[in-house]
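Below is one structure, written out as structure tokens; the observations come after it.
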Amino acid sequence: MLREAIVAMSTVAGAGLAFIALPGIGTTAAAAQAGGAPACPEKLAGQASLVCACSAEAASTGSVWGSGLYTADSSVCRAARHAGAVSAAGGEVRLRVSEGRDSYAASARNGIGASAWGSFSTSFAFDR
């Protein structure tokens, strides 16, 4: 028997999009056991908002541009670590997508360095 759990809702181009967590498929083992959020994507792909789980590995890899407000091509989980939304062990995050900015500041937080960047069309930030 296949057990499905709808764990987050997002709106993409006016249509509802459900994220489904299936144990062993696109989830962290801990999240799957707890019935939690699906694993975060490396980068955003059209979501307006997202609830997902970062593994320790995902929180330690990838590039980050911005500080508090990140370019949409930043690594979601590494940016979450930078923002303090997850610890080095990972965890569940909630993020929201917003319009881009003319520039993004560099900073170092929580052991993660984030680079400065110029104009980018889409941004995201973490809800706490």
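The values are calculated or read from the model by the stated rules, or taken from the named source; none is laboratory data. Here the structure is a predicted model, which means the values were calculated and not measured. For neighbour counting, all protein chains shown are included, and Cβ atoms are generated from backbone atoms with ideal geometry for every residue, glycine included.
Which residues, taken from segment 89-109, are aliphatic (A, V, I, L, M), closer than 15 Å to S60 by Cα and touching a Ser or Thr at 6+ places or on another chain (Cβ under 7 Å)?
none
This table checks each residue for (1) surrounded by 12 or more Cβ atoms within 10 Å (Cβ to Cβ); (2) of a type in the set (D, E, K, R); (3) over 25 Å from A37 (Cα atoms).
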residue: A85; (1), (2), (3): yes, no, no
residue: A88; (1), (2), (3): yes, no, no
residue: E92; (1), (2), (3): yes, yes, no
residue: L95; (1), (2), (3): yes, no, no
residue: A105; (1), (2), (3): yes, no, yes
residue: N110; (1), (2), (3): yes, no, no
residue: S115; (1), (2), (3): yes, no, yes
residue: G118; (1), (2), (3): no, no, yes
residue: F126; (1), (2), (3): yes, no, no
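Within segment 49-69, which residues are of a type in the set (A, V, I, L, M, F, W, C), farther than 13 Å from F124 by Cα and not in a strand (DSSP E or B)?
A56, A58, A59
Just wondering, is there one or more residues in segment 72-82 that are in a strand (DSSP E or B), buried (at least 22 other Cβ atoms within 10 Å of the Cβ) and modelled with pLDDT of 95 or more?
No, that holds for no residue.
Which condition from (1) modelled with pLDDT of 95 or more; (2) within 16 Å of the chain's Cα centre (by Cα); (3) not basic (K, R) is the one that S115 breaks?
The single condition S115 does not satisfy is (2).
Which condition from (1) modelled with pLDDT under 95; (2) within 15 Å of S123 (Cα to Cα) is the one that G24 breaks?
Against the list (1) modelled with pLDDT under 95; (2) within 15 Å of S123 (Cα to Cα), G24 comes up short only on (2).
From A125, A114, A108, grab the single residue that is in contact with a helix residue (DSSP H, G or I) (Cβ under 7 Å, 6 or more places away or on another chain), not in a loop (DSSP other than H, G, I, E, B) and not charged (D, E, K, R).
Testing whether each residue is in contact with a helix residue (DSSP H, G or I) (Cβ under 7 Å, 6 or more places away or on another chain), not in a loop (DSSP other than H, G, I, E, B) and not charged (D, E, K, R) leaves just A114.
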